[in-house]
2 protein chains.
Amino acid sequence: MAHILIIGGSDAGISAGLRARQVDPSVETTVVAADAFPNYSICGIPYHISGDVPDWRDLAHRTRDDLERAGLRLLLDTRARHIDPTSRTVAVSGPDGREENLHYDRLVIGTGAVPVRPPIAGLHELGPADGVHLLHTMNDTLSLAETLQQEPESALIVGAGYIGLEMAEALHARGLQVTMVEQIPQVLGTVDPQLATLVADELTRQGVRVLTDTTVTGVTREGGRLKVTGHRTDRAGDKGSFSQVTDLVLVVVGVRPDTALAQTAGVRLGVRGAIAVDRRMRTGVPHVYAAGDCVHTYHRLLDTNTYLPLGSTSHKQGRVAGENAAGGDRQFAGSLGTQAVKVFDLVAARTGLRDADAREHGLDPATHVARVDDHKAYYPGAKPITIAITGDQRTGRLLGAQLIGHRDTAVATRVDIYAGALHHRMTVDALTDLDLSYTPPLGSPWDAVQMAAQLWVSAHAADLP
Amino acid sequence: MAHILIIGGSDAGISAGLRARQVDPSVETTVVAADAFPNYSICGIPYHISGDVPDWRDLAHRTRDDLERAGLRLLLDTRARHIDPTSRTVAVSGPDGREENLHYDRLVIGTGAVPVRPPIAGLHELGPADGVHLLHTMNDTLSLAETLQQEPESALIVGAGYIGLEMAEALHARGLQVTMVEQIPQVLGTVDPQLATLVADELTRQGVRVLTDTTVTGVTREGGRLKVTGHRTDRAGDKGSFSQVTDLVLVVVGVRPDTALAQTAGVRLGVRGAIAVDRRMRTGVPHVYAAGDCVHTYHRLLDTNTYLPLGSTSHKQGRVAGENAAGGDRQFAGSLGTQAVKVFDLVAARTGLRDADAREHGLDPATHVARVDDHKAYYPGAKPITIAITGDQRTGRLLGAQLIGHRDTAVATRVDIYAGALHHRMTVDALTDLDLSYTPPLGSPWDAVQMAAQLWVSAHAADLP
C-alpha cells in the first residue's frame with residue numbers, strides 16, 4: 001500500500017490528499033500540519049474578524065472528522081524539519097517535541113507562503129501584544145481577535161491589496177476608524193487606475209481614510225498607542241512626511257513562498273523564489289510534488305511560469321499533485337489570474353492580462369473601458385458595471401478583462417465568462433457568438449460582457465485581418 | 001448606394017439594420033414594421049404588466065429617434081404584402097392604406113412569430129373586450145393593460161412556459177388571484193421534472209394556484225365573468241373534468257414562425273415550418289436573408305437545425321444577416337438554447353441538451369443533480385443552487401446544464417459558464433480546469449458550477465476512456 005505524505009494542511013495539501021484517496025482509495029495518506037487548523041479557509045479570515053462568521057471554527061472547509069472519514073491521517077501541530085529524498089523520509093517534530101522520521105512513497109509539499117515583512121523600523125520589535133499584526137494564519141487571526149477584544153478605536157492598514165481591502169471593511173464593521181496606507185498611487189494594484197479609483201471612492205464613501213503614494217517606514221509605541229511614520233508624495237509630486245497615531249497596525253503587503261523545507265530536499269527554485277514545478281506539479285526531485293502558494297504558477301496565456309498565490313489555484317494544483325501522486329496523469333491547465341474581491345458594496349474582479357503584462361510579453365494590447373448596465377435599464381435596480389477589455393490589436397485575441405460593479409451585478413461570475421473565453425483563446429469579437437442567457441431582470445439580449453467586447457471591437461479592431 | 005430593406009421592427013430586424021449600417025455606413029436601410037413599436041423589448045412585456053415598468057414606452061430598447069440617428073429609415077404601421085424576388089420589390093401598404101412597391105438590393109425578413117392558438121372552444125369568438133387575451137405584441141400588451149384597468153380579481157393563465165410563469169408573477173403583483181393551467185405534468189417544460197418542481201413550489205408558496213396535467217378545452221362568458229373548462233388527470237392517473245370561473249384568461253402556449261410573407265418570395269421552409277436558412281442567414285432565394293423567430297435555428301451541439309425562438313438568438317441572427325447583407329461574411333455560431341427566467345424569488349436557467357434531446361440524437365447521456373451552495377456556507381446568506389449536469393457517458397462531453405436557485409445566486413450568469421464550455425465542446429471533467437474567480441462572500445474555491453461537474457464525473461465517468 002503506497003504512502004503519500006503531505007506537508008501542509010491548507011488548500012493545496014488537503015486537496016492533494018482528498019484527490020489521492022479519490023483516485024486510488026487504497027493509498028495511505030498522511031498530512032503533516034504545523035498548526036492545529038487543517039483545511040481552514042484562509043480567505044475567510046476577514047469575515048471572522050468582521051463578525052460575519054462569529055465562530056472561527058466555522059472557517060474550516062471540512063472538520064477534522066470529515067478529513068479523517070475521507071481517509072486522511074492528520075498529524076497536527078507537527079513541524080516537518082527536513083526531507084531526505086534518498087531514503088524518502090521526512091524528519092518531523094510533534095506537538096510534544098518528539099522527533100520522528102516518516103517514510104513516503106510520494107511526497108507532496110504544500111507549505112504555502114509567509115507574509116512579506118516590509119522594511120518598517122519597529123516591526124520586528126513590536127507584535128500582537130502591542131497591537132501590531134501580520135495576518136496569514138489562524139493563529140494570527142486569533143491574536144488579532146484578541147487585540148480587538150480590547151476595543152481599539154482606530155486601525156491603520158499597511159497595504160491596499162485584496163486582504164488589505166477586505167480587512168478595511170472588516171475592521172470598519174467592528175466600529176474602528178480605519179486608515180489604509182498604500183505605497184503605490186492606487187489601491188488594488190491588480191486592476192487599472194481608472195477602475196481602482198472606483199474602489200477608493202467606495203472606501204472613502206464608507207468612511208475609510210485612503211492614503212496612496214504613502215510609504216510607512218516606522219512604527220513605535222507612544223503612550224499606550226502606536227505611532228506610524230513614513231513619507232508620502234502629494235498630487236503635485238512633492239514629498240512630505242507622514243505620521244499617524246493609531247491603536248492597531250495591520251501589515252498586509254503580500255506573501256512570499258515558504259520554501260525552507262523544500263530546499264532541504266534539493267528542489268529547484270523558480271520565479272520569485274517559488275518552488276519550480278512542471279505542469280504535473282513535479283519538482284524534479286524523484287517522487288516529490290509541490291503545489292499551492294509555495295510553487296510558481298503556470299500561466300495559461302503566457303505559456304510561462306509566474307507567481308500568483310491564490311486559494312482557487314492552490315486547490316487546483318493540489319488536486320493535480322494528489323492525482324499524480326496516486327498514480328494518475330493530469331496536468332495543471334494553468335492560471336489566468338482570475339480574482340474577485342468584495343469591498344463594501346462593490347465587487348472588483350479581473351482575469352488575464354493587462355496592458356503592461358501583455359506588452360512585456362511581446363503582445364500588442366489595447367484596453368477599452370465601457371460602462372454597461374447589468375440588466376435592462378427599464379427593469380428596476382439596473383446598475384452600471386465598468387468593464388475594461390484588453391485585447392491584442394494584431395490578432396484580435398482577448399487578453400484580459402477587469403470588472404467593477406455593485407455586489408448585486410454578478411461581477412464575480414461575469415468575470416468567469418471572460419475566464420472561459422481566455423481559456424479557449426477566443427478573440428474579443430467571438431464573444432458575440434456566445435449563447436448567453438437573457439431575461440430582462442438579470443441581463444440583456446447582449447450580456448454586459450458582450451456589450452463591452454463589442455465596444456472594444458469598435459474601438460480597436462477596425463483594421464484586424 | 002445599396003438599399004437594404006428589412007421587414008420587421010423587432011429584435012432581428014433592428015439588429016440587422018444597425019449592424020448593416022455599422023459594417024458599411026454607406027448602405028441605405030429601410031425598416032418596414034407592421035405596428036408603431038419598433039425595437040420594443042417583447043421580453044419586457046411582463047414587467048410593464050407587473051407595474052415594474054410603469055410606462056410602456058420605457059420598454060423600447062431604443063427610441064425612434066435613436067434608430068433614425070443610427071441611419072434607419074422607419075416605415076411604421078406598414079404591412080409588407082408580397083415579395084417579388086425577380087424584380088426585387090416588396091409590395092407594402094402604409095398606415096393610410098396606400099400600396100407601394102419598395103425596391104431592395106438585399107432583403108432581410110424578420111417577421112417573427114405569432115402566438116399559437118390552442119384548440120379551445122370559444123377562443124376565436126372571445127377577445128380582449130371579454131377579458132380573453134393572447135400576448136405577443138405591444139398592441140396585445142396595451143389591450144391587456146386596459147383589461148387590468150377594470151380591476152379583475154382573478155386570472156387564469158393557460159400555459160406554464162417562460163411567458164406564462166412571468167405573467168403569473170406579474171398578475172400576482174397586480175393583486176390578482178392567479179391560476180396557472182398546464183397540459184403536461186410539470187411547469188416549465190424546458191427543464192427536468194425534478195427542477196420544475198422547485199419552480200412549482202415557489203409559485204404555490206407565493207399564492208399562485210398551479211394545475212398541471214390539465215387541459216383547457218373551452219372558455220365561455222358566464223354572468224359577466226369567464227368560465228374555463230377542460231379535463232385533468234390526477235396523481236393516480238384518473239381523468240376528471242376541470243372547471244373554473246375567472247375574470248381574465250391569458251393564453252400563452254408558445255409561438256409558431258410567421259412565414260406568410262416569406263412564402264410569397266418562394267423561400268423553403270425548414271424545421272417546424274420556419275424559414276430555412278443557412279448559417280449566413282441566407283434563405284436560398286437570391287438576395288433574401290431571414291433571421292429571428294421566423295427562421296429555424298442552427299443548433300451548435302447537434303449540428304442541425306431546430307426551432308428555438310429566443311430574443312437573444314434573434315439579436316445574433318439579425319446581426320449576422322445585417323452584416324452579410326451589407327457585404328460582410330459572418331456565420332451564425334449556433335444556439336445552445338441558453339435561457340433564463342425569474343419566477344418570484346427563484347431563477348431557472350438552462351443551456352444545451354437534456355437526456356431525451358441527447359438520446360434522440362444518438363448520444364449516451366446521463367444527468368446528475370447536485371445541490372451546492374452559491375458561496376461559502378460560513379459567510380452569511382449562502383443559498384443552495386440545484387444543478388443538473390448532463391454529460392455523454394461515452395465521451396465525457398458536457399451536453400447541458402440546468403440550474404435553479406434564489407435570484408441572489410447568479411444562476412442566470414452561472415449558466416453562461418456552462419454555455420461557454422458547451423460552445424467549446426468541453427468535457428464535464430475539464431470544467432475543473434477553468435480558472436474561475438473566488439471570494440468567500442460570492443463563491444467557493446471550486447465554484448458551484450465546478451462542484452456540480454465534479455459530482456457528475458464521480459457518478460458517471462468512472463469508466464471513461
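Neighbour counts of C-beta atoms inside 10 Å place B:243, B:154 in the sequence B:243, B:154, starting with the fewest. Considering only A:349, A:326, A:16, and ranking their Cα positions along the charge dipole of chain A that arises from unit charges at the beta-carbon of Lys, Arg, Asp and Glu, the one farthest toward the positive end is A:326.
FRET efficiency for the pair residue A:100 and residue B:142, taken as 1/(1 + (r/R0)^6) with r the Cβ-Cβ distance and R0 = 60 Å, rounds to 0.15.
When the dipole is taken about the Cα centre of segment B:33-149, and only Lys, Arg (+1) and Asp, Glu (-1) are charged at their Cβ, what size is it in debye, to the nearest 20? The dipole magnitude comes to about 440 debye.
Hey, got the average number of other protein chain Cβ atoms within 10 angstrom for residues in B:406-418?
6
Shown here are the Rg and Dmax of the Cα trace of segment A:128-251, at 14.1, 42 Å. Between residue B:425 and residue B:77, the simple label model (points 7 Å from Cα in the Cβ direction) yields a spacing of 5.3 nm. Note on residue B:151/residue B:65: beta-carbon distance plugged into 1/(1 + (r/R0)^6) with R0 of 30 Å gives a FRET efficiency of 0.25. Taking only C-alpha pairs under 8 Å that are 6+ residues apart, what is the relative contact order of chain A in percent? Over chain A, the number comes to 14 percent. Derived from the Cα gyration tensor, the three semi-axes of the equivalent ellipsoid of chain A are 36, 31, 20 Å, largest first. Per-residue Cβ neighbour counts within 10 Å put B:133, A:406 in the sequence A:406, B:133, beginning with the fewest. Note: the protein assembly as shown, Cα convex hull, 183 Å³ per residue. Charge dipole of the protein assembly as shown (Cα centre as origin; +1 on each Lys and Arg Cβ, -1 on each Asp and Glu Cβ, all else neutral): 1340 debye, rounded to the nearest 20.
Summing Cβ point charges (Lys, Arg +1; Asp, Glu -1) relative to the Cα centre of segment A:288-387 gives a dipole of roughly 280 debye. Counting only DSSP beta bridges with both residues in the protein assembly as shown, the antiparallel share comes to about 65 percent. In terms of other Cβ atoms within 10 Å, B:63, B:214 run from fewest to most in the order B:63, B:214.
Only lysine pairs 8 or more places apart or on separate chains count here, and in the protein assembly as shown those with Cα atoms under 17 Å apart total 4.
According to the calculation over all Cα-Cα pairs in segment B:345-460, the P(r) per 10 Å bin from zero is 16, 49, 28, 6, 0 %. Equivalent ellipsoid of segment B:332-412: semi-axes from √(5λ) of the C-alpha gyration tensor, largest first, are 26, 15, 10 Å. Sorted shortest first, the separations between the residue A:206 label point and its copies elsewhere in the assembly read 3.1 nm; each point sits 7 Å from Cα along the Cα-to-Cβ line.
Here, each number is a calculation from the coordinates, and none is a lab measurement. Only a predicted model underlies this, so the values are computations on that prediction, with no experimental measurement involved. Every residue, glycine as well, gets a Cβ built from its backbone with ideal geometry; the counts of neighbours run over all protein chains shown.
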